[in-house]
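Engineer: Sending over a structure as structure tokens; questions will come in a sec.
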Amino acid sequence: MNYTIGEKVRLEIGRPTNLGIHVIINENDEGLIYHNEIFQQLTLRQQVDGYIKNIREDGKIDVSLQQQGFLNTIEQNCTVILDKLQAKKGYLKLNDKSSPVEIQQELNMSKKSFKSAVGFLFKQQKIRIEVDGIYLVK
């Protein structure tokens, strides 16, 4: 077990627990994805990419489905939002008043991630924010 924090790994989805979902890392080691970090449907034995989040003193490994760090996640989340806007003819009926459930269902991300990405895209003048949702700037 020689992993580094942030390293990309291959995960096989295992059984759910009270804390999250057990995974097998690179067909060899066990890890855990916490419930509050899962924003997509996962099925038993599904293969997905993940990232080493933490290696605890007891040797247990925490993993994430998203890269860690603001710059890594903001770029990924901005891409998701822009792609969804393009697929929906330049409009998403989501804003900072939208519920976390609505955001998760539409974009597979947390409300916090959504708000950060929308703010970033707004500053770059790629979107405009209206009362009824967000619009792609052409």
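None of the figures in this text is laboratory data; all of them are computed from the coordinates on show. From a predicted model like this one, the values you see are computed outputs, not experimental measurements. Cβ: placed from backbone, ideal geometry, glycine included. Neighbour counts: every protein chain shown.
Engineer: Taking into account only those residues within segment 111-125 that are within 21 Å of the chain's Cα centre (by Cα) and basic (Lys, Arg), which is farthest from Asn36 (Cα to Cα)?
Structural biologist: Applying the filter and picking the extreme gives Lys115.
Engineer: Would you check if there is a residue in segment 91-110 being without any contact (Cβ under 8 Å) to a residue 40 or more places away in the chain, within 30 Å of Gln125 (Cα to Cα), within 15 Å of the chain's Cα centre (by Cα) and not in a helix (DSSP H, G or I)?
Structural biologist: The answer is no; no qualifying residue exists.
Engineer: Here's another thing I want to ask about it. Checking His35 against (1) under 16 Å from Val9 (Cβ atoms); (2) surrounded by fewer than 17 Cβ atoms within 10 Å (Cβ to Cβ); (3) not aromatic (Phe, Trp, Tyr): exactly one of these is not met. Which one?
Structural biologist: The one condition His35 does not meet is (1).
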